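This report concerns only the one structure given below.
The values are calculated or read from the model by the stated rules, or taken from the named source; none is laboratory data. Because the structure is predicted, anything quoted here is derived from the model rather than measured. Here the Cβ positions follow ideal geometry from the backbone for every residue, glycine too, while neighbour counts run over all protein chains shown.
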């Protein structure tokens, strides 16, 4: 029987979807789950983003109360600021 896993990271576009595990290996200095997407392409996701990996401490502690980390919001604010500057130059 094929092993299946679910994408559990709330920021991943495939959050909540289940996939058949093709292989599990260490790549890019971390464990990754490999699967085929809806178009048949081989994709991978960090183990921590799946139901097979360790629980992300932020996700566990936030318990659904917050989906954004402070560092994510800071990066987003910087991105918006930079994009606003670029639009203002045109």
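General observations
- Test for residue 62: is it touching a strand residue (DSSP E or B) at 6+ places or on another chain (Cβ under 8 Å) and at pLDDT below 95: no
- Residues that are without any contact (Cβ under 8 Å) to a residue 40 or more places away in the chain and surrounded by 15 or more Cβ atoms within 10 Å (Cβ to Cβ) were ranked within segment 1-20; the one that is nearest to residue 65 (Cα to Cα) is 14.
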